[in-house]
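Since the structure comes first, as structure tokens, the remarks are kept for the end.
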Amino acid sequence: MGIKSDRWIRTMAQEHGMISPFEEKLVCKGKISYGLSSYGYDLRVSNRFKIFTNVNNTVVDPKAFDANSFIDFEGDICTVPPNSFALATSVEYFKIPDNVITICLGKSTYARCGIIVNVTPFEPGWEGFVTLEISNTTPLPCRIYANEGLCQVLFFEGDEACETTYRSREGKYQAQTGIVLPRILEA
């Protein structure tokens, strides 16, 4: 298994639709960079956010998540409250090949501001818009800029396709659109 280069990512995006829309160069003038980098792809955060609020004073429970714990926001700049978080979605839609897995890491520009971006791996066979978790670890509000880079996706290709893909097991977040809250499949 090895990390994939810009040439491989470009080919997979252009010929197989792995990333759409695809920015084939790193865009960085006056923006937090996004697009194709040496060994990854810097994805953009869209302008749709769900900002966490504790106004209802509910317990955060992944098995019974209260959607009222979020305030919907759409705009070019999202302000994440101190010691809180927001959910967002990527601009790009991803289609991951059956022999590839990704790891996504936050960009250093945001990390240096106390922002941590959490994204679970894109499993083999998964496709969809990425739900992004943006945590503000500081005691001050922090701005997140829509349609600019938020995190970098690294692609790792296995020696062979896995036996069970996310698609074949009908994963609960397959082909997701928008910001998807936690789901638990019914027994």
**Report entry** Search result, residues across region 11-34 that are touching an Asp or Glu at 6+ places or on another chain (Cβ under 6 Å) and either in a strand (DSSP E or B) or under 20 Å from Ile96 (Cα atoms) (or both)
**Finding:** Ile19, Tyr34
Query raised in the report: Restricting the search to region 50-76, which residues are surrounded by fewer than 12 Cβ atoms within 10 Å (Cβ to Cβ), within 20 Å of the chain's Cα centre (by Cα) and touching a residue at least 40 places away in the same chain (Cβ under 8 Å)?
Result: Pro62, Ala67, Gly75, Asp76
Requested in this report: Please verify whether region 84-103 includes one or more residues that are surrounded by fewer than 20 Cβ atoms within 10 Å (Cβ to Cβ), touching a helix residue (DSSP H, G or I) at 6+ places or on another chain (Cβ under 9 Å), part of a strand (DSSP E or B) and not small (Gly, Ala, Ser).
Outcome: yes
Report task. Those residues that are polar (S, T, N, Q) and closer than 20 Å to Val80 by Cα, I need them from region 34-63; list them, please. Result -> Ser46, Asn47, Thr53, Asn54, Asn56, Asn57, Thr58
Query raised in the report: How many residues does region 35-68 contain that are out of contact with any strand residue (DSSP E or B) (no Cβ under 9 Å at 6 or more places or on another chain) and either aromatic (Phe, Trp, Tyr) or outside any loop (DSSP other than H, G, I, E, B) (or both)?
Result: 2
Report summary line: For region 167-187, the count of residues that are touching a Ser or Thr at 6+ places or on another chain (Cβ under 9 Å) and in a loop (DSSP other than H, G, I, E, B) equals 7
Report summary line: Among residues of region 1-49 being closer than 24 Å to Asp76 by Cβ, over 17 Å from the mean Cα position of the chain (by Cα) and of a type in the set (A, V, I, L, M), the residue surrounded by the fewest Cβ atoms within 10 Å (Cβ to Cβ) is Leu26
**Report entry** Residue that is more than 22 Å from Ile134 (Cα to Cα), at pLDDT 95 or above and among the β-branched types (Val, Ile, Thr), where the choices are Ile103, Ile96
**Finding:** Ile96
Query raised in the report: Quick one: how many residues across region 105-142 are among the β-branched types (Val, Ile, Thr) and part of a strand (DSSP E or B)?
Result: 6
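The values are calculated or read from the model by the stated rules, or taken from the named source; none is laboratory data. The model shown is predicted, which means the values in this text are computed figures rather than measured ones. All Cβ positions, even for glycine, are placed from backbone atoms using ideal geometry, and neighbour counts span all protein chains on display.
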